[in-house]
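The structure under discussion appears below in the form of structure tokens.
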Amino acid sequence: MKLTGKNGLRTAAVLAAVTAMIGVSALPAAAHVTVNPKEATVGGYARLNFRVPNESDSESTVKVEVAFPEDAPFASVSVKPSAGWTVATEKRKLSKPIKNHDSEITEAVSKITWTADGSAAVKPGQFQEFDLSVGPVPDVKQIIFKALQTYSDGTIVRWIDEPKEGAEVEHPAPVLKVVKAAAAAAPAPAAKEESGEGSGVSWAIALGAVALLVSLAALGLSLRRPAPPAG
């Protein structure tokens, strides 16, 4: 199609812009380390799944490190074994102990490291998931887990950028949103028993109706009775 003149130039510019937008939208979004589910409830226990995709075209992911924030400690952290991966857990002393049931916790997990054994490394085009059970969930707005991903050539990708409102960060850290527990539903009002106040009112109405019927019957009989003879 041949485009000439001002209208042709405008049309060509619009087509070029549309083509560029389509090209950008067709590009795959960069995968990054994520935590699932995206939110957990205050005071409860949660099963967290860290998903680690391999973004390299030639190297394998051989190590994954996940750091736990100091200001949102978990009293309990359990790791689900991953076949072919060795797990190392580090702890830190808490500046302020936390309570878990009847116990006082003075230290909490600070970092967990998964290291691949031989062929278990995450190859190009693959991903790996690592599961944890944590709790109780602290009363904060969100928990940011900073992660490091190490490749077989020694390259380290740092997924540590904290989220910024209205902007995308280059290497976002996994974020767990924390929500309050749903308020308990208010109990429904108890139904009144038949022997209570309601039944008393019903009986009064029934007796009034019976009295009214008796009065009407008496009135009817008196009207049908012949009048006495005149004296």
Query - Lys91, sole failed condition from (1) surrounded by fewer than 13 Cβ atoms within 10 Å (Cβ to Cβ); (2) under 27 Å from Pro138 (Cβ atoms); (3) at pLDDT 95 or above - result: (1)
Query raised in the report: Within the group Thr41, Thr34, which residue is in contact with a strand residue (DSSP E or B) (Cβ under 8 Å, 6 or more places away or on another chain), in contact (Cβ under 8 Å) with a residue 24 or more places away in the chain and buried (at least 18 other Cβ atoms within 10 Å of the Cβ)?
Result: Thr34
Report summary line: Scanning the stretch 163-182 residue by residue, the ones that are modelled with pLDDT of 95 or more and within 21 Å of the chain's Cα centre (by Cα) total 8
Report summary line: Scanning the stretch 44-58 residue by residue, the ones that are assigned to a loop (DSSP other than H, G, I, E, B) and open to solvent by 50 Å² or more (accessible area, probe 1.4 Å) total 4
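Within the stretch 101-122, does at least one residue satisfy the condition of being part of a strand (DSSP E or B), touching a residue at least 40 places away in the same chain (Cβ under 8 Å), within 23 Å of Pro81 (Cβ to Cβ) and open to solvent by 40 Å² or more (accessible area, probe 1.4 Å)?
Within the stretch 101-122, the subset part of a strand (DSSP E or B) is 103-116, 122.
Next, only the ones that are touching a residue at least 40 places away in the same chain (Cβ under 8 Å) stay: 108-116, 122.
Checking which are within 23 Å of Pro81 (Cβ to Cβ) leaves us with 108-116, 122.
Right, trim to open to solvent by 40 Å² or more (accessible area, probe 1.4 Å) and you get 111, 115.
Yes - at least one qualifying residue is present in the stretch 101-122.
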Query raised in the report: Going by the structure shown, is Lys93 assigned to a strand (DSSP E or B), touching a strand residue (DSSP E or B) at 6+ places or on another chain (Cβ under 7 Å) and within 25 Å of Val52 (Cα to Cα)?
Result: no
Query raised in the report: Could you say whether any residue in the stretch 104-123 is over 21 Å from Ile160 (Cβ atoms), touching an Asp or Glu at 6+ places or on another chain (Cβ under 7 Å) and not basic (Lys, Arg)?
Result: no
Report summary line: With criteria (1) open to solvent by less than 70 Å² (accessible area, probe 1.4 Å); (2) under 24 Å from the mean Cα position of the chain (by Cα); (3) in contact (Cβ under 8 Å) with a residue 24 or more places away in the chain, Glu70 comes up short on (1)
Query raised in the report: Looking at the stretch 136-183, which of the residues that are assigned to a loop (DSSP other than H, G, I, E, B) and among the β-branched types (Val, Ile, Thr) is nearest to Asp102 (Cα to Cα)?
Result: Val137
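The values are calculated or read from the model by the stated rules, or taken from the named source; none is laboratory data. These numbers come from a predicted model, not from an experiment. Methodologically, a virtual Cβ is constructed for each residue, glycine included, from the backbone with ideal geometry; neighbour enumeration extends over all protein chains shown. To get the accessible areas, we keep the full protein, side chains included, count just its heavy atoms, and leave off ligands, DNA and RNA. Shrake-Rupley method; radii C 1.70, N 1.55, O 1.52, S 1.80 Å.
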